[in-house]
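A.B. asks: A single structure is presented below for examination.
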Amino acid sequence: MSQKYFELTKEEQELLDSFEKGEWKSVPNQKAVIKRLIQAAKATLAKTKNINLRLSQRTLLKLKSKAAEEAIPYQTLAASILHKYVSHSL
């Protein structure tokens, strides 16, 4: 292990120890996952206008559930879906 120049929290130390023990595994389709997360980050950072949408409670719950599965905010997922739709339909 390399020399530390700062104190780690307990949680950070546990993560580092776990990593150094080789307990971490790469995700399947790592390149695709990275690409998707980069796109989500860019969509989040490229905010230019706010809009309001009225959705049924059921649709909103499904959107939030899908966003949780993807580990991104639901607004980012909604923006990504809309962006993909208009980009492919033009």
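The values are calculated or read from the model by the stated rules, or taken from the named source; none is laboratory data. Small disclaimer: the values here were computed from a predicted structure and weren't measured. In this analysis, Cβ positions are derived from the backbone assuming ideal geometry, glycine residues included, and neighbour counts consider all displayed protein chains.
A.B. asks: Considering only residues that are of a type in the set (Ser, Thr, Tyr) and modelled with pLDDT of 95 or more, which ones fall in region 31-64?
C.D. replies: Within region 31-64, Ser56, Thr59 meet the criteria.
A.B. asks: Might you let me know whether region 10-19 holds any residue that is modelled with pLDDT of 90 or more and on the phi > 0 side of the Ramachandran plot? Show your work before the answer.
C.D. replies: Restricting attention to region 10-19, the residues satisfying the condition of being modelled with pLDDT of 90 or more are 10-19.
This time we only want the ones that are on the phi > 0 side of the Ramachandran plot, so: none.
No, region 10-19 has no match at all.
A.B. asks: Could you please tell me which pairs satisfy a Cβ distance under 7 Å, a separation of 6+ or placement on different chains, a first residue in region 32-50 that is among the polar types (S, T, N, Q), and a second residue that is assigned to a helix (DSSP H, G or I) and surrounded by 14 or more Cβ atoms within 10 Å (Cβ to Cβ)?
C.D. replies: So the pair list comes out as Gln39/Ser80; Thr44/Thr76.
A.B. asks: Sort out which residues of region 28-51 are closer than 16 Å to Ala71 by Cβ and exposed (fewer than 10 other Cβ atoms within 10 Å of the Cβ), and write them in order of number.
C.D. replies: Within region 28-51, Pro28, Gln30 meet the criteria.
A.B. asks: Within region 5-16, how many residues turn out to be surrounded by 10 or more Cβ atoms within 10 Å (Cβ to Cβ) and either touching a residue at least 12 places away in the same chain (Cβ under 8 Å) or within 24 Å of the chain's Cα centre (by Cα) (or both)?
C.D. replies: The total comes to 5.
A.B. asks: Let me confirm something: among Leu82, Leu37, Leu60, which residue is of a type outside the set (Lys, Arg), part of a helix (DSSP H, G or I) and within 23 Å of Val27 (Cα to Cα)?
C.D. replies: Details: Leu82 fails: within 23 Å of Val27 (Cα to Cα); Leu60 fails: within 23 Å of Val27 (Cα to Cα).
It is Leu37.
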